[in-house]
Amino acid sequence: MKLTSWGRYPVCESTVNRPRSDAALAGLLHTQPPSSSIARGMGRSYGDSALAEHVYSTTALDQFIAFDEERGLLRCAAGVTLETLLHAMMPRGWFLPVVPGTWHVSIGGAIASDVHGKNHHLDGSFGQHVESLRLMLASGDIVHCSAQENTELFHATCAGMGLTGIIVDATLHLRRNNSSTVMQRTLRAHNLDEIFALFDSHHNSHYSVAWLDCLARGNSLGRSLLYLGEHANDNICRTPAKRSISIPFSSPAFLLNRYSMSLFNSLYYHKPVKELVEQRIEAKQYFFPLDSIGHWNRLYGKRGFMQYQCVIPDASAQPAMREILTRISTSGKGSFLSVLKKLGPANRNLLSFPLEGYTLALDFKFEPSTLALLDELDSIVLAHGGRLYLAKDARMSQEVFRRSYPHWEDMARIRAETGADRLFNSLQSRRLGL
Amino acid sequence: MDVKNILIIGANSAIAKATARLYAQENCRLFLLGRDTAALAQQQQDLLIRGASEVNIAPLDVTHFALHEAAIDQALDLFGQIDLALICHGSLPDQIRCQDDFDAALEAFNINALSVISLLTHLSARMMAQRHGCLAVITSVAGDRGRQSNYVYGAAKGMVSRYLQGLRGRLFPHNVHVVDIRPGFVDTPMTAHLPKGALWASPEQIAQAVVNGVAKRRHTVYAPAFWRFIMLIVRCIPEFMFKRLKF
Ligand SMILES: Cc1cc2nc3c(=O)[nH]c(=O)nc-3n(C[C@H](O)[C@H](O)[C@H](O)COP(=O)(O)OP(=O)(O)OC[C@H]3O[C@@H](n4cnc5c(N)ncnc54)[C@H](O)[C@@H]3O)c2cc1C
Ligand SMILES: NC(=O)c1ccc[n+]([C@@H]2O[C@H](COP(=O)([O-])OP(=O)(O)OC[C@H]3O[C@@H](n4cnc5c(N)ncnc54)[C@H](OP(=O)(O)O)[C@@H]3O)[C@@H](O)[C@H]2O)c1
């Protein structure tokens, strides 16, 4: 069947197997070991990391296995989604220590991309809250990995993009949280200097993220709204609500042009906000605002879109972001909303994306001319010692990857040692030469 | 919803599992009967984490009719009252084998029809005594008309549907409700070997239809709902034409 991930580009002709148990999965690896296969969770990565000729879908590996309420340790199969997990855990007063911008991702996917959330500057990324995981190797054998046991394989698997094997289940640390709402404050920044200053002065805010108008120019370059959040403390733990509306079909791509985007961004930036006034909003709405619109990726038309997410180390983050935003606003190719976020220190996971600095994420409608623009952005990112997020990538060159992910050789070695390189290869890993 | 104490028979079936998860979210108390006790124990943990207020499990091979009564009483003793009994087990027999080998056909009838009728006999007596409860049984659209490619299974499912129709009337004055759930094609282990197409549903979709059908006290639930129209057409085809159809 034709398979794509969230960006709907590229398209891959794949056979998809959906085993219902670890044993069935091992059976599949034994009986038909094609060299181009990869694990896939919810397909919420944007590019080609969950695409290959043969795909092992984990969506039927969806059982909770054990919950140690004393220690807040939850063990569940890799296909359980954050949505399912939070539905079960929020009413009991528990939350995940790290969540990405959508809850339609699997635990396996969250570990394999070592996802980060709005609290990365304080709490690090998803993998740092994984107590242990069980990984199925190419042989079908399962190994137990943690920061203490099979350490190297653990750090290769967290952020490993499915390239060491298939995570079958994991034990996660949850955080106590006695409310299902978040207290949010919104601050307006008129330009790039202001938003950087705001991130700094609000470093202690538990959650922070800025929505930025990437088409603003000149003195307004980098104008944005900063959203700060803290879990409320009201002892009201409700079950989160389900999604409301859905985009039923692809919209004609011409609807998204520089004028409509520019208008949208401008309206968004100028929306009335009560600065500094705390608002109580549902956690779901704070953390997963886009999930209230199903299939919003269809807005970008049939050809799909690309997300470009880079991180730039602290030292040169400001000038680099200025260069990047200037380049984008002059090109007129912008996205609906761009996201700027301060990140904390990097961790030990070999291919983990975050490093201490700032990350910017932008959507681009897919057009051949976009590719040229993104190549230009790559050189700015490289010049400043930054890198691109593999979970969003569909186009980075091997050279850019190798120059920006210094541990790629360790990853390649571990893959060879465990036999993963003979079985687990995604379109992305082939492109990046892993 | 006032459903609280739920007995599920054939609890390891994919449709049963998906349904149990929905009831677990509603904090129901569950009693699971099934063949594979290791799988039941895993499901027990899963359902407790999903919010079930209590989950009990016990082994039952439904072809051992003599064990039915004790298994049901075990659940009743524990619960005091059964609000919903859901019967989910089944098997898709090899039609070709069944048409030549009566033992194979008999086995298919035992699993898909007679075991269900035995269970219903014990369950309806107890629900009548409670003057309360709901019996929900997963049959199939295959029971709506005998097709040459699958008539042993179809006859077994059809037998249960006819039985439920009569039982519904008998139990009605006793405040006991009977729901016949007729799924179309569902992607489960039972159908793992069949090629899938546009008409196929997920066990989760069927589970939602079961929960809705029980809550709204429906009589016959086609799941997904479009199968009601498909089966209406299938039932309308004149026999002289139908007998020529190979499907
Ligand atoms: C709207 C939206 C917002 C997002 N916001 C954020 C954000 O704020 N922060 C962030 O970090 N990310 C974000 N993402 C990206 C997303 O969190 C990651 O791409 C995540 O990996 C998706 O999980 P998935 O289950 O869909 O995995 P898939 O997309 O199916 O797979 C992603 C990768 O994980 C691997 N994988 C999946 N399951 C397993 C397994 N069981 N074992 C081994 N490898 C496996 C795949 O091989 C692939 O390489 C966002 C995505 C969307 C669509
Ligand atoms: N899948 C479809 O397309 C479809 C369509 C219409 C109706 N249905 C009906 O839906 C119901 C559920 O089936 P499913 O699709 O969910 O398939 P399934 O997952 O294969 O479930 C069938 C279940 O029946 C159990 N079973 C079989 N023989 C048994 C016995 N002698 N004693 C106890 N349990 C026994 C099996 O137990 P084990 O786990 O121990 O093997 C299995 O759990 C069945 O009644 C089926 O006929 C299915």
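The values are calculated or read from the model by the stated rules, or taken from the named source; none is laboratory data. Predicted, not measured: the structure shown is a model, and the values here were computed from it. Note that we place each Cβ from the backbone using ideal geometry, even for glycine, and neighbour counts take in every protein chain shown. Note: accessible area is taken over every heavy atom of the protein model, side chains too, but ligands, DNA and RNA are not part of it. Shrake-Rupley method; radii C 1.70, N 1.55, O 1.52, S 1.80 Å.
Could you run through the stretch A:50-75 and say how many residues are within 8 Å of chain B (Cβ to nearest Cβ) and assigned to a strand (DSSP E or B)?
Qualifying residue count for the region: 5.
Working carefully through the options B:Gly158, B:Gly184, B:Gly169, find the one that is away from every other protein chain (no Cβ under 14 Å) and touching a strand residue (DSSP E or B) at 6+ places or on another chain (Cβ under 8 Å).
From the options B:Gly158, B:Gly184, B:Gly169, the qualifying one is B:Gly184.
Among the numbered criteria (1) part of a helix (DSSP H, G or I); (2) crowded, with 21+ Cβ neighbours inside 10 Å; (3) under 15 Å from the mean Cα position of the chain (by Cα); (4) aliphatic (A, V, I, L, M), which one does B:Leu135 miss?
(1)
Take A:Thr84 and tell me if it is within 14 Å of chain B (Cβ to nearest Cβ), within 22 Å of A:Asn119 (Cα to Cα), open to solvent by 20 Å² or more (accessible area, probe 1.4 Å) and of a type in the set (Val, Ile, Thr).
yes
State whether one or more residues within the stretch B:117-129 are open to solvent by less than 10 Å² (accessible area, probe 1.4 Å) and within 14 Å of ligand 2 (Cβ to nearest atom).
yes
Within the stretch A:172-201, can you find the residues that are among the aliphatic types (A, V, I, L, M) and under 20 Å from A:Tyr269 (Cβ atoms)?
A:Leu187, A:Ala189, A:Leu192, A:Ile195, A:Ala197, A:Leu198
Name, by its number, the condition in (1) over 16 Å from A:Ala159 (Cα atoms); (2) open to solvent by less than 30 Å² (accessible area, probe 1.4 Å); (3) under 21 Å from the mean Cα position of the chain (by Cα) that does not hold for A:Ile380.
(3)
Is at least one residue of the stretch A:22-32 within 12 Å of chain B (Cβ to nearest Cβ), in contact with a Gly (Cβ under 7 Å, 6 or more places away or on another chain) and more than 28 Å from A:Lys365 (Cα to Cα)?
no
Can you name every residue in the stretch A:293-304 that is surrounded by 18 or more Cβ atoms within 10 Å (Cβ to Cβ) and within 11 Å of ligand 1 (Cβ to nearest atom)?
A:Asn297
Tally up the residues in the stretch A:87-109 that are more than 6 Å from ligand 1 (Cβ to nearest atom) and away from chain B (no Cβ under 14 Å), please.
7
Could you please find all residues in the stretch A:60-80 being within 14 Å of A:Ile167 (Cα to Cα) and more than 16 Å from ligand 2 (Cβ to nearest atom)?
Listed by number, the residues that qualify are A:Arg75, A:Cys76, A:Ala77, A:Ala78, A:Gly79, A:Val80.
Out of the residues in the stretch A:1-21 that are near ligand 1 (Cβ under 9 Å from one of its atoms) and in contact with an Asp or Glu (Cβ under 9 Å, 6 or more places away or on another chain), state the one that is farthest from the other protein chains (Cβ to nearest Cβ).
Checking each candidate, the answer is A:Gly7.
Residue by residue through the stretch B:194-212, note down the ones that are more than 11 Å from ligand 2 (Cβ to nearest atom) and either among the basic types (Lys, Arg) or open to solvent by 40 Å² or more (accessible area, probe 1.4 Å) (or both).
Result: B:Pro195, B:Gly197, B:Ala198, B:Glu204, B:Gln205, B:Gln208, B:Asn212.
Output the residues belonging to the stretch B:145-178 that are β-branched (Val, Ile, Thr) and within 14 Å of ligand 2 (Cβ to nearest atom).
Residues satisfying the conditions are B:Val152, B:Val160.
I need every pair where a residue in the stretch B:180-199 that is hydrophobic (A, V, I, L, M, F, W, C) has its Cβ under 9 Å from the Cβ of a residue that is open to solvent by 20 Å² or more (accessible area, probe 1.4 Å) and within 16 Å of ligand 1 (Cβ to nearest atom), sequence separation at least 6 or different chains.
The qualifying pairs are B:Ala192/A:Arg20.
If a residue has to be hydrophobic (A, V, I, L, M, F, W, C) and surrounded by fewer than 21 Cβ atoms within 10 Å (Cβ to Cβ) to count, how many in the stretch A:331-360 make the cut?
Count: 4.
Mind telling me which of the residues A:Ser132, A:Ser139 ends up being touching a residue at least 12 places away in the same chain (Cβ under 8 Å) and out of contact with any strand residue (DSSP E or B) (no Cβ under 9 Å at 6 or more places or on another chain)?
So the residue among A:Ser132, A:Ser139 that is touching a residue at least 12 places away in the same chain (Cβ under 8 Å) and out of contact with any strand residue (DSSP E or B) (no Cβ under 9 Å at 6 or more places or on another chain) is A:Ser139.
Which residue is nearest to ligand 1 (Cβ to nearest atom), if the candidates are limited to the stretch A:58-74 and must be in contact (Cβ under 8 Å) with a residue 40 or more places away in the chain and either buried (at least 19 other Cβ atoms within 10 Å of the Cβ) or more than 15 Å from A:Ser132 (Cα to Cα) (or both)?
This residue is A:Thr58.
Quick one: which helices (runs of 4 or more DSSP H) sit completely within the stretch B:1-109 and have at least 2 residues that are of a type in the set (A, V, I, L, M, F, W, C), away from every other protein chain (no Cβ under 14 Å) and open to solvent by 60 Å² or more (accessible area, probe 1.4 Å)?
So the answer is B:68-79, B:102-109.
Examine the stretch A:1-21 for a residue that is among the aliphatic types (A, V, I, L, M), open to solvent by less than 50 Å² (accessible area, probe 1.4 Å) and in contact (Cβ under 8 Å) with a residue 24 or more places away in the chain, and state whether such a residue exists.
yes
I'm told A:Ser139 meets every condition in (1) of a type in the set (Gly, Ala, Ser); (2) near ligand 1 (Cβ under 8 Å from one of its atoms); (3) open to solvent by 30 Å² or more (accessible area, probe 1.4 Å) except one. Can you identify the failing condition by its number?
A:Ser139 satisfies all of (1) of a type in the set (Gly, Ala, Ser); (2) near ligand 1 (Cβ under 8 Å from one of its atoms); (3) open to solvent by 30 Å² or more (accessible area, probe 1.4 Å) except (2).
Consider the stretch A:206-220. How many of its residues are surrounded by fewer than 20 Cβ atoms within 10 Å (Cβ to Cβ) and over 19 Å from A:Lys271 (Cβ atoms)?
Of the residues in that region, 4 qualify.
Taking only pairs six or more apart or across chains, which ones have beta-carbon atoms under 9 Å, a first residue in the stretch B:222-247 that is part of a loop (DSSP other than H, G, I, E, B), and a second residue that is of a type in the set (Gly, Ala, Ser) and open to solvent by less than 100 Å² (accessible area, probe 1.4 Å)?
As it stands, the answer is B:Pro224/B:Gly184; B:Pro224/B:Ala201; B:Pro224/B:Ala209; B:Ala225/B:Ala209; B:Phe226/B:Gly184; B:Lys246/B:Ser149; B:Phe247/B:Ser149, since those pairs meet every condition given.
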